[in-house]
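Everything on this sheet refers to the single structure shown next.
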Amino acid sequence: MNETSRIDARTALNEALLARFGEEVSVPPDLAGLPELLQMATWSTHRSWSDRPVGPELIRLLAACALSAPSKSYLQQADIVDVRDAAQRERVQALVPSMPWMSQAPALLVFCGNGRRFRRLFERAGQPFTNEHLDGFFNPAIDGALVMMNFMRAAAAVGMACCPISVLRDQAQALADILQMPAHVFPIAGLCVGFPAHAQSVNPRLGLQASLHTDRYQRPDLASETEVADRAVDAAIDAAVDAYDQRYVAVRASRLPPEVAAAKPPMTWSQEKLRQYATAQRDDWGAFIRAKGFDTR
Ligand SMILES: Cc1cc2nc3c(=O)[nH]c(=O)nc-3n(C[C@H](O)[C@H](O)[C@H](O)COP(=O)(O)O)c2cc1C
């Protein structure tokens, strides 16, 4: 990168992080890899797609890069299903009619955790499987999530865009049946993939003081007694969320025509999440996972 593009990338990264977090994040001037950091900092979920097709070879390339992710104990417990056959896609899409961006996407993948291969090693060797506990479910879930994130980064690197679809898990059993997932294989999320129809504005995140901790979770100036500390942590959470809510509303309002924003100010993030989760969601997930053969104790 020449000096001008380095300065441009650094400025753009500074601006992107300021917009994202509402605070300055310093970027050392001589750091390598600024374009990649900028791509991460400007991540956005997309839900509309250009007409440009996405063929199986491109998906295969991105999947190979994604599956190069690190893997817990090298167990490689993640799988990707490329749902390509029109009738299969129709069946999967029909599970979530509320999200038309799924049927419009050029490609639809389903990322899975796979605890079957690991178990099969033991079964084949005639040895008892000695790791039947919650961690045996958690590890494939993490591997699958890392592979999905890696896929999204690979897609972004070639100018593509994605939208994860965890709402597919509202119909976990039906999805597992359609995709013929065996015992110990479970869906993590769907992923719409395509070339974006247009640029997308970046959504703000909670300030770094809410999610980036140093040395210990509690602030070091707080009492160590758990109950007192927990209450102080809650006060810190409340302060961070209140500050974020203000920033969130300002960003949302700035995307509306002024008269619309004045007549009906956008909800805060807290209000949106309280409304979204006012009723229990996917409370049959534990039963589904246990029926898939995992012991979640
Ligand atoms: C695991 C996961 C599941 C998601 N599921 C859905 C979904 O079912 N439908 C959808 O439209 N977006 C879904 N999203 C996208 C989020 O809504 C999005 O990341 C969030 O609103 C923040 O927006 P941003 O990614 O553009 O910053 C999901 C994201 C993740 C990480």
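Could you check segment 102-141 and list, in sequence order, the residues that are hydrophobic (A, V, I, L, M, F, W, C), within 30 Å of Val193 (Cα to Cα) and surrounded by fewer than 16 Cβ atoms within 10 Å (Cβ to Cβ)?
Correct list: Phe138 only.
Identify all residues within segment 257-293 that are over 21 Å from Asn203 (Cα atoms) and polar (S, T, N, Q); write none if there are none.
Once the filter is applied, which keeps residues that are over 21 Å from Asn203 (Cα atoms) and polar (S, T, N, Q), segment 257-293 yields Thr279, Gln281.
Identify all residues within segment 237-283 that are of a type in the set (Ser, Thr, Tyr), open to solvent by 60 Å² or more (accessible area, probe 1.4 Å) and assigned to a loop (DSSP other than H, G, I, E, B); write none if there are none. Reasoning before the result, please.
Of all residues in segment 237-283, those of a type in the set (Ser, Thr, Tyr) come to 244, 248, 254, 268, 270, 277, 279.
Applying the additional criterion that residues be open to solvent by 60 Å² or more (accessible area, probe 1.4 Å) yields 254, 277, 279.
Once the filter is applied, which keeps residues that are of a type in the set (Ser, Thr, Tyr), open to solvent by 60 Å² or more (accessible area, probe 1.4 Å) and assigned to a loop (DSSP other than H, G, I, E, B), segment 237-283 yields Tyr277, Thr279.
Looking for whichever is under 19 Å from Val147 (Cβ atoms), over 20 Å from the mean Cα position of the chain (by Cα) and either away from the ligand (no atom under 16 Å from the Cβ) or not β-branched (Val, Ile, Thr) (or both) here; the options are Phe122, Phe129, Phe111, Phe118. Which one fits?
Working: Phe122 fails: under 19 Å from Val147 (Cβ atoms); Phe129 fails: under 19 Å from Val147 (Cβ atoms); Phe111 fails: over 20 Å from the mean Cα position of the chain (by Cα).
Result of the check over Phe122, Phe129, Phe111, Phe118: Phe118.
Name every residue in segment 20-36 that is over 12 Å from Arg6 (Cβ atoms) and away from the ligand (no atom under 16 Å from the Cβ), in order of residue number.
Glu23, Glu24, Val25, Ser26, Glu36
For segment 155-171, enumerate the residues that are among the small types (Gly, Ala, Ser), within 16 Å of the ligand (Cβ to nearest atom) and open to solvent by 10 Å² or more (accessible area, probe 1.4 Å).
Ala156, Ser166
Suppose we filter segment 176-203 for residues that are buried (at least 17 other Cβ atoms within 10 Å of the Cβ), more than 15 Å from the chain's Cα centre (by Cα) and either not assigned by TED's automatic domain parsing to the domain that holds Met149 or not in a loop (DSSP other than H, G, I, E, B) (or both); how many remain?
Of the residues in that region, 6 qualify.
Inspect all residues belonging to segment 201-221 and state whether any of them is acidic (Asp, Glu) and within 16 Å of the ligand (Cβ to nearest atom).
No, because not a single residue in segment 201-221 is acidic (Asp, Glu) and within 16 Å of the ligand (Cβ to nearest atom).
Evaluate the following for Asp82: is it open to solvent by 80 Å² or more (accessible area, probe 1.4 Å), modelled with pLDDT of 95 or more and not polar (S, T, N, Q)?
So Asp82 fails the test.
For (1) open to solvent by less than 60 Å² (accessible area, probe 1.4 Å); (2) touching a His at 6+ places or on another chain (Cβ under 7 Å); (3) modelled with pLDDT under 95, each residue gets a yes or a no:
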position	(1), (2), (3)
Glu3	no, no, yes
Ile7	no, no, yes
Ala16	yes, no, no
Asp30	no, no, yes
Leu37	no, no, no
Trp49	yes, no, no
Val54	yes, no, no
Leu62	yes, no, no
Ala66	yes, no, no
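From the list Ser5, Ser48, which residue is over 23 Å from Leu191 (Cβ atoms) and among the hydroxyl-bearing types (Ser, Thr, Tyr)?
Criteria check complete, one pass: Ser5.
Among Ala86, Ala63, Ala105, which is away from the ligand (no atom under 16 Å from the Cβ) and over 17 Å from the mean Cα position of the chain (by Cα)?
Ala86
Looking at the structure I just gave you, is Gln76 open to solvent by less than 50 Å² (accessible area, probe 1.4 Å), away from the ligand (no atom under 15 Å from the Cβ) and either in contact with a strand residue (DSSP E or B) (Cβ under 8 Å, 6 or more places away or on another chain) or under 27 Å from Ile178 (Cβ atoms) (or both)?
Numbers: open to solvent by less than 50 Å² (accessible area, probe 1.4 Å): no; away from the ligand (no atom under 15 Å from the Cβ): yes; either in contact with a strand residue (DSSP E or B) (Cβ under 8 Å, 6 or more places away or on another chain) or under 27 Å from Ile178 (Cβ atoms) (or both): yes.
Here the answer is no, as Gln76 does not meet what is asked.
How do the pairs read when you match residues in segment 145-156 that are over 19 Å from Gln76 (Cα atoms) with residues anywhere that are open to solvent by 20 Å² or more (accessible area, probe 1.4 Å), using Cβ under 6 Å and keeping only pairs 6 or more apart or on different chains?
What qualifies is Ala156/Gln39.
The values are calculated or read from the model by the stated rules, or taken from the named source; none is laboratory data. Quantities reported herein were computed from a predicted structural model and do not represent experimental measurements. Note that we place each Cβ from the backbone using ideal geometry, even for glycine, and neighbour counts take in every protein chain shown. To get the accessible areas, we keep the full protein, side chains included, count just its heavy atoms, and leave off ligands, DNA and RNA. Shrake-Rupley method; radii C 1.70, N 1.55, O 1.52, S 1.80 Å.
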